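The values are calculated or read from the model by the stated rules, or taken from the named source; none is laboratory data. Bear in mind that the values here come from a model prediction, so they are computed numbers and not experimental data. Note that we place each Cβ from the backbone using ideal geometry, even for glycine, and neighbour counts take in every protein chain shown. Note: areas computed on protein heavy atoms with side chains; ligands, DNA, RNA excluded. Shrake-Rupley method; radii C 1.70, N 1.55, O 1.52, S 1.80 Å.
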Amino acid sequence: MNAQPGVSLRDIKIMFGTVKVLEGLDLEVAPSEFLVLLGPSGCGKSTLLNAVAGLVEVRAGQIWIGGKNVTWEEPKDRGIAMVFQSYALYPRMTVRQNMSFGLKVAGTPAAEIERRVGEAAELLRIGPLLDRRPSELSGGQRQRVAIGRALVRKVGVYLFDEPLSNLDAQLRAELRVEIKRLHQQLGATMIYVTHDQIEALTLADRIAVMHSGVIQQLDTPARIYREPKNRFVASFVGSPAMNFIDGAISTQASAPVFEGGGLRIPLAGYVFAADVPAGPATLGIRPEHVTVGPAPSAFEAAVEIVEPMGADSLVWCRTPGGTAFSLRLSGEGGIRPGDRMPVSFPSAAVSLFAKADGARL
Amino acid sequence: MSAGNTAIPAGPRPDRTSAARWGLYAFLAISALFFLTPLYVMIVTSLKSMDEIRAGYILQFPAEFTVAAWTKAWNSACTGLNCNGIKVGFFNSVRILVPSVIVSIAVGSLTGYALSLWRVRGADVIFGALMVVAFIPYQVFIYPLVRIFSMAGINQTLFGIVVIHTIFGLPTMTLLFRNYFASLPPDLFKAARVDGAGFFQIFWSIMLPMAVPMIVVAMILQVTGIWNDFILGLVFAGRENLPMTVQLNNIVNSTQGERAYNVDMAATMLTALVPLAVYFGSGRWFVRGIAAGAVKG
Ligand SMILES: Nc1ncnc2c1ncn2[C@@H]1O[C@H](COP(=O)(O)OP(=O)(O)OP(=O)(O)O)[C@@H](O)[C@H]1O
Ligand SMILES: [Mg+2]
C-alpha cells in the first residue's frame with residue numbers, strides 16, 4: 001500500500017457572517033492516523049470537518065492534504081470522502097446507485113464501478129440491500145450504506161461526522177468496532193467527529209478535545225484521560241465524570257499540600273507541570289481512583305447514594321467539608337446508604353487545576 | 001360534576017353531535033347551493049334549445065336535451081367574420097400552455113435551486129427583487145414590455161407569449177422551488193458535492209427527482225394560471241394565437257341579433273374544462289397548490 005496522505009490545518013479562521021466559529025486553529029493529522037475530534041455540541045467540530053472537505057470556505061489559513069495545498073480546491077479534488085451524521089443518502093436512488101453515483105460522475109468504467117461497489121458491499125455486509133431504496137433500510141443499514149458510499153471512492157482521507165449518533169447503543173457499539181476494523185484494513189487517514197467520549201476513547205489514535213472553537217488538548221486517549229490539560233478536558237472526558245474539589249495549594253514543612261473540602265491532602269506523589277504554585281486550585285479525581293480502606297490520609301465518609309452499574313457501582317459520599325463526590329466500587333459490595341467507610345484520594349492519581357484559568361498545574 | 005353523567009369512560013368516546021354541529025352543516029349546505037346554482041343554470045341552459053330558453057324558466061330542467069349548442073360552440077360559433085368555433089382558441093391555448101408550463105417550471109426550478117443551495121452572489125437581492133415584482137400588479141409592466149418586445153421583434157408571436165408567461169411565472173415558481181430545496185437537509189447537497197457532482201448534475205440527478213411533488217404543484221398552478229390568463233394573451237399573443245379566454249369573450253360579446261345563451265354557456269364551460277379537469281384530477285395535490293400559492297398573496 002502506498003503512503004497515505006496526512007492532513008494539516010494551518011491557522012484556520014472560519015466565520016459565518018459576523019460570527020467567528022474558529023480562529024487561529026492549527027491541527028496536524030499524521031498519515032494513517034485515526035484522529036477523533038471530541039467536543040460538546042456547537043463547538044465547531046462539523047465546521048472544521050467541512051473545512052477539510054472544502055464545504056465551507058476559510059477566511060484565513062491553509063489546508064494541506066497529502067503535502068498539497070488544497071485550500072482553494074473543490075471537494076472532489078481533495079482526495080477525501082465524507083460520511084454525514086444524517087446519512088445524506090440520495091432518497092430517489094437505490095443503494096447501488098447511491099454508492100456508484102460519485103464514481104459515475106467521475107467517469108469510472110462500469111465494470112470498475114461494479115467491482116468497487118461489490119467490494120464495499122461485502123466489507124460492510126450490505127450485499128443483499130443493493131437494490132433497495134434508503135427509505136426501505138433501518139438506521140444501521142443506512143449508516144453502513146453511507147460508509148459504503150465513502151469507501152468506494154478509494155481515497156486517502158475519510159471524514160466522519162458523528163456517523164453513529166443516530167443509532168441505538170447496541171448498534172453503535174457494533175458499528176464502532178466495524179469502523180475500527182475498516183481503519184486497520186484500509187490504513188487510511190481518518191478524522192472522526194463525535195461528542196461521545198466512549199467512541200473517542202475506543203477509536204482514536206489521538207483525540208483533539210475542542211471547546212468553543214479551540215482545541216483544548218491533542219493527545220493519545222490514555223493521556224487525555226489520565227492527564228487532562230485543563231479543567232474542561234477533565235470534566236468532559238470520562239464517565240462517570242471526574243470529581244472536583246475547590247481549595248488551595250500551599251507549602252507546609254517544604255512539602256506541597258492541598259487543602260479544601262475539609263481535607264488536607266499531601267501532594268507528595270503529584271508531578272507538577274512547573275514549580276509548586278501556591279494559591280487557589282481545584283483538585284480533580286476520577287471515581288475509580290478514589291481508594292477505600294485504611295490509609296494515612298484517609299477520612300471517614302458516609303454513603304449517601306449507591307448507583308449500581310452492572311459490573312461495579314457508583315457510590316456518592318461527602319467530604320468532611322460537605323463537597324459531594326463519587327467513587328467506584330467493583331461488584332455490588334453490599335454497600336448501602338448510611339454505611340461509613342475510610343476513603344482516601346491518592347495524590348498520584350489526582351489532577352490539579354488553577355482556579356483562575358483551569359489550566360493543569 | 002353533573003349527577004346524570006354516570007357512565008364510566010371506556011372504549012370509544014360516545015358520538016355527540018351537537019346543535020352547533022348541525023348549524024355548521026346547514027351553513028355548508030347553503031354555501032354549496034349558492035355556488036352550485038349558477039353552475040346548474042349554465043349546464044341546463046347549454047342543453048336547451050333557444051325556444052325553451054325564451055320561455056324564461058332558467059331553473060327548469062331541459063324538456064328536451066340537445067347538445068347542438070355545444071357542437072356549435074366548438075365548431076362554428078362566430079367571432080366577427082370567422083365562424084370556426086371556439087376550438088380555434090382551444091388549440092391556441094394548448095399551443096401557448098404546453099411550452100409556457102414546461103419552460104416556466106424549468107426556469108423556476110433552476111433559479112430556485114440556484115438561489116437556495118448555491119451561494120450565488122447577491123442571491124438575497126435577486127430573491128428580494130423577485131418578491132417585490134410578484135407583488136406589483138403586472139398591468140404596470142405591460143406597456144414597457146410591449147415596447148421591448150416590439151423592438152426585439154417578438155411581439156405578437158407565440159414565442160413572445162411563452163416568454164411573457166415564463167417571466168410572470170418566475171417569482172412564484174422560484175419561491176416555490178427555493179423554499180422546497182431550502183427545506184432539504186443540507187448534508188444531501190454536501191454529499192453530492194463531495195461525490196464530485198457539478199451544478200447541473202446535482203440539479204438533474206438528485207434535486208429534481210426529489211422535487212417531483214413540487215413539480216406537480218407547480219404544474220397545477222401554472223396550468224390553471226396560464227389557461228385562465230386573458231390580458232397577457234390579448235396583448236402579447238397576436239391575432240393568430242389568441243387564447244381561448246379571449247376568443248370566448250369575443251364570441252359572447254360579438255353576437256349580433258338575438259343572444260345565443262345556450263351557445264355562450266356551452267362555450268364558457270368548454271373554456272373552463274381544462275382548469276376544472278385539473279381541479280378534479282389532482283385532488284390532494286391541488287390543496288397543496290393552494291397552500292403554496294397562498295405564500296404569494
Ligand atoms: N451555516 C451556519 N450559519 C451560521 N452559524 C453556523 C452555521 N453552521 C454552524 N454555525 C455555528 O457555528 C458553531 C459551530 O457549529 P458546528 O456545526 O461546527 O458545531 P458542532 O461542534 O458540529 O456541534 P454538534 O455536535 O451539535 O454537531 C455553532 O455555534 C453554530 O451555531
Ligand atoms: Mg456537528
Query raised in the report: Using helices alone, what [θ] at 222 nm do you get for chain A, with -39,500 (n - 2.57) per DSSP H run of 4 or more residues, divided over all residues and rounded to the nearest 500?
Result: -7000 deg cm²/dmol
Requested in this report: Whenever you get a sec, compute what percent of the accessible area on region A:7-236 sits on carbon and sulfur atoms (1.4 Å probe).
Outcome: 49
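Could you give the length gained by full extension between B:Asn228 and B:Gln60, i.e. 0.36 nm per residue of separation minus their alpha carbon distance, to one decimal place?
Full extension of this stretch gives 57.5 nm more.
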**Report entry** Two-site label geometry, A:Asp357 and B:Leu24: point separation in nm, points 7 Å out along Cα→Cβ
**Finding:** 6.7
Report summary line: Links exceeding 20 Å between C-alpha atoms in this model, out of A:Lys20/A:Lys68; A:Lys76/A:Lys154; A:Lys20/A:Lys229; A:Lys13/A:Lys76; A:Lys45/A:Lys355; A:Lys229/A:Lys355, come to A:Lys20/A:Lys68; A:Lys20/A:Lys229; A:Lys13/A:Lys76; A:Lys45/A:Lys355
Report summary line: Per 5 angstrom bin, beginning at 0 and ending with the bin that holds the maximum distance, the Cα pairs of region A:7-236 fall in percents of 1, 7, 15, 18, 19, 17, 12, 7, 3, 1, 0
Report task. Report in % the part of the accessible area of region B:145-202 that belongs to carbon and sulfur, leaving out ligands and nucleic acids; probe 1.4 Å. Result -> 67
Query raised in the report: Taking the Cα-to-Cβ direction at B:Asn179 and at A:Gln185 and moving 7 Å from each Cα, how far apart do the two end points lie in nm?
Result: 4.7
Query raised in the report: Hey, with R₀ at 30 Å, roughly what FRET efficiency would B:Leu273 and B:Met50 work out to, going by the Cβ-Cβ distance, to 0.05?
Result: 0.85
**Report entry** Helical segments meeting 30 Å axial Cα length and Kyte-Doolittle 1.0 threshold in chain B (DSSP H)
**Finding:** B:19-46, B:87-117, B:158-183, B:261-282
Requested in this report: Please compute how much accessible surface disappears when A pairs with B, both sides summed, using a 1.4 Å probe, and round it to the nearest 100 Å².
Outcome: 1800
Report summary line: The ³J(HN,Hα) series, computed from each phi in region A:304-311 with the Karplus coefficients 6.51, -1.76 and 1.60 at θ = phi - 60°, rounded to the nearest Hz and given as x for glycine or proline, is 9, 9, 10, 10, x, 10, x, 4
Report summary line: Taking Cα atoms only, helix A:95-105 is inclined relative to the longest principal axis of chain A by an angle, in degrees rounded to 10, of 70
Report task. Please calculate the 1.4 Å probe accessible area of B:Met214, with all protein chains present, and give it to the nearest 10 Å². Result -> 30
**Report entry** Antiparallel bridges, percent of DSSP beta bridges restricted to the protein assembly as shown (to nearest 5)
**Finding:** 75
Report summary line: Ignoring ligands and nucleic acids, A:Arg328 exposes an accessible area, probe 1.4 Å, in Å² to the nearest 10, of 70
**Report entry** Selected from B:Gly198, B:Gly238, B:Gly169 as most flexible by GNM, with chain B as the system and alpha-carbon contacts under 10 Å
**Finding:** B:Gly198
Query raised in the report: Hey, with R₀ at 56 Å, roughly what FRET efficiency would A:Ser330 and A:Lys68 work out to, going by the Cβ-Cβ distance, to 0.05?
Result: 0.65
Report summary line: Taking placed amide H atoms and a strict 5 Å upper bound, the residues 5 or more places from A:Phe160 or on another chain that come that close are A:Val83, A:Ile191, A:Tyr192, A:Val193
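Within 12 Å, Cβ to Cβ, of B:Thr66, how many net charges do the neighbouring residues add up to if Lys/Arg are +1 and Asp/Glu are -1?
So the environment of B:Thr66 carries a net charge of -1.
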Query raised in the report: Quick one: length gained pulling A:Glu288 to A:Ala111 fully straight, 0.36 nm per residue minus the C-alpha distance?
Result: 58.2 nm
Report task. In a Gaussian network model over chain A where Cα atoms closer than 10 Å are linked, find which of A:Pro31, A:Pro128, A:Pro342 has the largest mean-square fluctuation. Result -> A:Pro128
Report task. Calculate, for region A:7-236, the solvent-accessible area per residue in square angstrom, rolling a 1.4 angstrom probe over the heavy atoms of the protein chains. Result -> 42
Query raised in the report: On average over all directions, what projected area in square nanometres does the protein assembly as shown have, based on the convex hull of its Cα atoms?
Result: 49.0
**Report entry** Distance between modelled label sites at B:Tyr40 and A:Ala3, nm, 7 Å Cα→Cβ extension
**Finding:** 8.9
Report task. Give me the angle, in degrees from 0 to 90, between the Cα long axis of helix A:169-186 and the longest principal axis of the Cα atoms of chain A, rounded to the nearest 10. Result -> 60
Query raised in the report: Once amide H atoms are placed 1.01 Å from N in the peptide plane, what residues at a sequence separation of 5 or more from B:Arg259, or on another chain, have their amide H within under 5 Å of its amide H?
Result: none
